[in-house]
Amino acid sequence: MDKSEIIAFLNANPACHLATVEGDQPRVRGLLIYRADEKGILFHTGKMKDLHKQLVANPKVEMCFNDLQKGIQVRVAGTAELVEDLNLKKEIVSKREFLKNWIDSKLVTYDTLAVYRVRDCVATVWTMATNFAPTTYVRI
(Lines give C-alpha, C1' and ligand atoms only; values in the text may rest on other atoms or scores of the structure.)
Protein backbone atom coordinates (compact mmCIF):
# COMPACT_ATOMS: atom_id res chain seq x y z
CA MET A 1 0.00 0.00 0.00
CA ASP A 2 1.14 3.53 -0.70
CA LYS A 3 0.45 6.62 1.43
CA SER A 4 -2.97 7.42 -0.05
CA GLU A 5 -4.10 3.78 0.18
CA ILE A 6 -3.05 3.63 3.83
CA ILE A 7 -4.93 6.84 4.68
CA ALA A 8 -8.01 5.44 2.90
CA PHE A 9 -7.65 2.17 4.84
CA LEU A 10 -7.52 4.01 8.19
CA ASN A 11 -10.64 6.03 7.36
CA ALA A 12 -12.47 2.89 6.20
CA ASN A 13 -11.43 1.05 9.39
CA PRO A 14 -11.53 3.76 12.10
CA ALA A 15 -11.59 1.39 15.08
CA CYS A 16 -8.08 0.72 16.29
CA HIS A 17 -5.97 -0.11 19.30
CA LEU A 18 -3.71 2.62 20.63
CA ALA A 19 -0.59 1.84 22.64
CA THR A 20 0.99 4.29 25.08
CA VAL A 21 3.49 3.96 27.92
CA GLU A 22 2.92 4.80 31.58
CA GLY A 23 6.28 4.78 33.34
CA ASP A 24 7.76 1.47 32.21
CA GLN A 25 4.37 -0.20 31.67
CA PRO A 26 2.76 -0.45 28.23
CA ARG A 27 -0.94 0.47 28.00
CA VAL A 28 -3.29 -0.33 25.13
CA ARG A 29 -6.93 0.48 24.51
CA GLY A 30 -9.40 0.42 21.68
CA LEU A 31 -10.65 3.70 20.26
CA LEU A 32 -12.30 5.23 17.25
CA ILE A 33 -10.30 7.78 15.27
CA TYR A 34 -12.09 10.85 13.95
CA ARG A 35 -10.19 10.91 10.65
CA ALA A 36 -6.86 10.41 8.96
CA ASP A 37 -5.45 12.77 6.34
CA GLU A 38 -2.20 14.27 5.09
CA LYS A 39 -1.78 16.14 8.41
CA GLY A 40 -2.05 13.04 10.61
CA ILE A 41 -4.60 10.98 12.52
CA LEU A 42 -7.16 12.73 14.73
CA PHE A 43 -8.75 11.19 17.81
CA HIS A 44 -10.21 12.50 21.04
CA THR A 45 -10.36 11.67 24.73
CA GLY A 46 -11.06 13.51 27.97
CA LYS A 47 -8.42 15.52 29.79
CA MET A 48 -9.46 13.75 33.01
CA LYS A 49 -8.57 10.33 31.56
CA ASP A 50 -5.38 8.29 32.02
CA LEU A 51 -4.85 8.31 28.25
CA HIS A 52 -4.47 12.10 28.23
CA LYS A 53 -2.07 11.98 31.18
CA GLN A 54 0.02 9.29 29.47
CA LEU A 55 0.23 11.32 26.26
CA VAL A 56 1.30 14.44 28.14
CA ALA A 57 4.11 12.46 29.79
CA ASN A 58 5.16 10.61 26.61
CA PRO A 59 3.52 11.49 23.28
CA LYS A 60 5.00 8.53 21.35
CA VAL A 61 2.23 6.12 20.28
CA GLU A 62 1.50 3.18 18.04
CA MET A 63 -1.91 2.44 16.56
CA CYS A 64 -3.06 -0.86 15.07
CA PHE A 65 -5.90 -0.96 12.49
CA ASN A 66 -7.41 -4.18 11.13
CA ASP A 67 -9.68 -5.39 8.40
CA LEU A 68 -10.26 -8.91 9.64
CA GLN A 69 -12.35 -9.88 6.61
CA LYS A 70 -9.50 -9.07 4.23
CA GLY A 71 -6.72 -10.15 6.61
CA ILE A 72 -4.96 -6.78 6.59
CA GLN A 73 -3.31 -5.08 9.55
CA VAL A 74 -1.79 -1.61 9.45
CA ARG A 75 0.37 -0.38 12.32
CA VAL A 76 1.11 3.33 12.57
CA ALA A 77 3.71 4.89 14.87
CA GLY A 78 3.96 8.61 15.50
CA THR A 79 3.84 11.46 17.99
CA ALA A 80 0.53 12.61 19.50
CA GLU A 81 0.13 16.38 19.63
CA LEU A 82 -2.66 18.10 21.58
CA VAL A 83 -4.78 20.26 19.24
CA GLU A 84 -6.53 23.17 20.95
CA ASP A 85 -8.92 24.19 18.18
CA LEU A 86 -12.45 25.01 19.34
CA ASN A 87 -13.87 24.83 15.80
CA LEU A 88 -12.42 21.34 15.33
CA LYS A 89 -13.84 20.25 18.69
CA LYS A 90 -17.27 21.58 17.67
CA GLU A 91 -17.00 19.74 14.34
CA ILE A 92 -16.17 16.47 16.10
CA VAL A 93 -19.00 16.88 18.63
CA SER A 94 -21.48 17.62 15.84
CA LYS A 95 -20.57 14.30 14.17
CA ARG A 96 -20.50 12.17 17.33
CA GLU A 97 -23.91 11.89 19.01
CA PHE A 98 -22.51 10.48 22.26
CA LEU A 99 -20.20 13.51 22.62
CA LYS A 100 -23.04 15.90 21.82
CA ASN A 101 -25.09 14.31 24.61
CA TRP A 102 -22.19 14.67 27.05
CA ILE A 103 -21.56 18.30 26.07
CA ASP A 104 -25.29 19.09 26.34
CA SER A 105 -25.48 17.48 29.79
CA LYS A 106 -22.25 19.23 30.89
CA LEU A 107 -20.54 15.89 31.68
CA VAL A 108 -17.81 17.03 29.29
CA THR A 109 -17.02 20.57 28.19
CA TYR A 110 -15.06 21.79 25.20
CA ASP A 111 -12.27 22.65 27.66
CA THR A 112 -12.09 19.08 28.97
CA LEU A 113 -12.30 17.49 25.50
CA ALA A 114 -8.78 16.63 24.35
CA VAL A 115 -8.22 16.30 20.61
CA TYR A 116 -4.95 14.76 19.46
CA ARG A 117 -3.27 14.60 16.09
CA VAL A 118 -0.76 11.81 15.60
CA ARG A 119 1.87 13.27 13.29
CA ASP A 120 5.24 12.27 11.85
CA CYS A 121 3.68 8.88 11.14
CA VAL A 122 5.23 5.78 9.68
CA ALA A 123 3.04 2.82 8.79
CA THR A 124 3.68 -0.83 8.12
CA VAL A 125 1.20 -3.15 6.42
CA TRP A 126 0.88 -6.83 7.30
CA THR A 127 -0.99 -9.60 5.50
CA MET A 128 -0.66 -13.37 5.59
CA ALA A 129 1.00 -13.15 2.18
CA THR A 130 3.71 -10.84 3.58
CA ASN A 131 3.97 -12.58 6.96
CA PHE A 132 7.64 -13.53 6.57
CA ALA A 133 8.77 -10.58 4.46
CA PRO A 134 11.01 -7.93 6.01
CA THR A 135 9.11 -5.07 7.61
CA THR A 136 8.90 -1.98 5.43
CA TYR A 137 7.62 1.44 6.42
CA VAL A 138 5.67 4.10 4.54
CA ARG A 139 5.73 7.71 5.75
CA ILE A 140 2.18 9.03 5.93
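The values are calculated or read from the model by the stated rules, or taken from the named source; none is laboratory data. Predicted model only: the values in this text are computed from it and were never measured. Cβ sites come from the backbone with ideal geometry, for glycine too, and all protein chains shown count toward neighbours. Surface areas here come from the heavy atoms of the whole protein model, side chains and all, with no ligands, DNA or RNA. Shrake-Rupley method; radii C 1.70, N 1.55, O 1.52, S 1.80 Å.
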Estimate the FRET efficiency between ALA57 and GLU5 by the formula 1/(1 + (r/R0)^6), using the beta-carbon distance for r and 41 Å for R0, to the nearest 0.05.
0.75
Residue-normalised value, i.e. accessible area per residue, for segment 30-140 at 1.4 Å probe, in Å², stands at 59 Å²
What label, among (i) 1.09; (ii) 0.99; (iii) 0.96, belongs to Rg/Rh (Cα atoms, Kirkwood Rh) computed from the structure on display?
(ii)
Within the chain, what whole-number % of the accessible surface is contributed by carbon and sulfur, with the 1.4 Å probe and all protein chains included in the calculation?
54 percent
Segment 1-79: relative contact order from alpha carbon pairs under 8 Å, six or more residues apart, as a whole percent, is 29 percent
R0 = 25 Å: FRET efficiency of MET128 with GLU97, Cβ-based, nearest 0.05?
0.10
Rounded, prolate or oblate: which fits segment 85-140, taking a ≥ b ≥ c as square roots of the Cα gyration tensor eigenvalues, rounded meaning a/c under 1.5, else prolate when a/b beats b/c?
prolate
Rounded to the nearest 500, the 222 nm mean residue ellipticity computed for the chain from DSSP H runs (n ≥ 4, each -39500 (n - 2.57)) alone is -7500 deg cm²/dmol
